[in-house]
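Asks: My structure is below; once you've seen it, I'll send some questions.
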């Protein structure tokens, strides 16, 4: 017998404590985003929500964290969100739930939606602001202004959310260090509990990637490093802990869900394109919400197949993910690479710390390159 996640019912999926839910709908397609997403189709969204609840109902779970990402989860209507929340409340044992995050865009936040989420147990919002510069927001294809972002943040606080993250991006085409500092200062003025600051990458199958290939946009590693260092300085002085390469939190507000992911914990991914990893088994759902809904509502699996990871693959992933964090990696993980360790320590990119190795500020900016030396 096989459940809707493509797994035998005798596996240990029921013991998984972390759930990711992919909502693929967006009001507007941003030119830099490579995640699976489509413009919301009201005629299909209800059917998608029914399929998502059906996928959830295939297995009993007692989650510690739930993370709704996308896409834009708040692009769903209030009624559709209520249907999903009711389904999750009915089919999950939420007695040990610590963190329930929803990603939201300022342009799709309303007081009614915020109150609905908070009343149903959602306790963390990640607000996709990206910039507080209206010109850069236009370049990014965002549907909100800087003022709307500030208003949406205030609305969420007013709805009772005591754990708010602001997503920001640096290294944007034409962006100056002064513009980035101004964005950081406006973000800090809101008094968020968490800030995610990502360096723009040019992902395949995006408009930005094509413009980069044509020479319209250029990467500048030196400028990106300056953005990164200034972020660390400003947020550190404001009391934020730099606990992962792109993430900063006030004490006690680190993302529980993301920390689990970076620590290599098992997780289930629900929704189209979502990936699950349980033990050495990994699978992904089909990246088409129409096919996804058709399969699940027809009693079939949404999975596109399974991959069996080797212990070596898991070890490499653990090194790559843990090196990005402020807790680093156990020294024993890299005992077989003494020359590389010695070189990174000599270069000031890595530090020994209580039988572990952690990256310095300079090392974090080069985290992927450092990790590559060990995997």
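The values are calculated or read from the model by the stated rules, or taken from the named source; none is laboratory data. For clarity, every value in this text was computed on a predicted model and none was experimentally measured. Cβ sites come from the backbone with ideal geometry, for glycine too, and all protein chains shown count toward neighbours.
Asks: Would you point out which residue out of 189, 151 is in the same structural domain as residue 211 (by TED's automatic domain parsing) and touching a residue at least 12 places away in the same chain (Cβ under 8 Å)?
Replies: Every option except 151 fails the conditions.
Asks: Continuing with the same structure: Which of (1) modelled with pLDDT under 95; (2) assigned to a helix (DSSP H, G or I); (3) more than 21 Å from residue 286 (Cα to Cα) is the odd one out, the single condition residue 82 does not satisfy?
Replies: The single condition residue 82 does not satisfy is (1).
Asks: When residue 97 is evaluated against the numbered criteria (1) without any contact (Cβ under 8 Å) to a residue 60 or more places away in the chain; (2) surrounded by 16 or more Cβ atoms within 10 Å (Cβ to Cβ); (3) farther than 22 Å from residue 266 by Cβ, which criterion, by number, is the only one it fails?
Replies: (3)
Asks: Within segment 128-145, take every residue that is touching a helix residue (DSSP H, G or I) at 6+ places or on another chain (Cβ under 6 Å) and within 20 Å of residue 161 (Cβ to Cβ) and give me the one that is surrounded by the fewest Cβ atoms within 10 Å (Cβ to Cβ).
Replies: Only one residue tops the list, namely 144.
Asks: Which residue, of 177, 210, 200, is within 22 Å of the chain's Cα centre (by Cα) and either in the same structural domain as residue 32 (by TED's automatic domain parsing) or without any contact (Cβ under 8 Å) to a residue 60 or more places away in the chain (or both)?
Replies: Exactly one residue qualifies, and that residue is 200.
Asks: Can you confirm whether residue 321 is crowded, with 17+ Cβ neighbours inside 10 Å, within 16 Å of the chain's Cα centre (by Cα) and not assigned by TED's automatic domain parsing to the domain that holds residue 55?
Replies: yes
Asks: Which residue, of 119, 146, 104, is free of Cβ contacts under 8 Å to residues at least 60 places away in the same chain and within 20 Å of the chain's Cα centre (by Cα)?
Replies: 104
Asks: Within the bounds of segment 328-335, is there any residue that is assigned to a helix (DSSP H, G or I) and either in the same structural domain as residue 61 (by TED's automatic domain parsing) or exposed (fewer than 14 other Cβ atoms within 10 Å of the Cβ) (or both)?
Replies: Checking segment 328-335: at least one residue is assigned to a helix (DSSP H, G or I) and either in the same structural domain as residue 61 (by TED's automatic domain parsing) or exposed (fewer than 14 other Cβ atoms within 10 Å of the Cβ) (or both).
Asks: Report yes if residue 259 is modelled with pLDDT of 95 or more, over 25 Å from residue 38 (Cα atoms) and not in a loop (DSSP other than H, G, I, E, B), otherwise no.
Replies: The answer is yes for residue 259.
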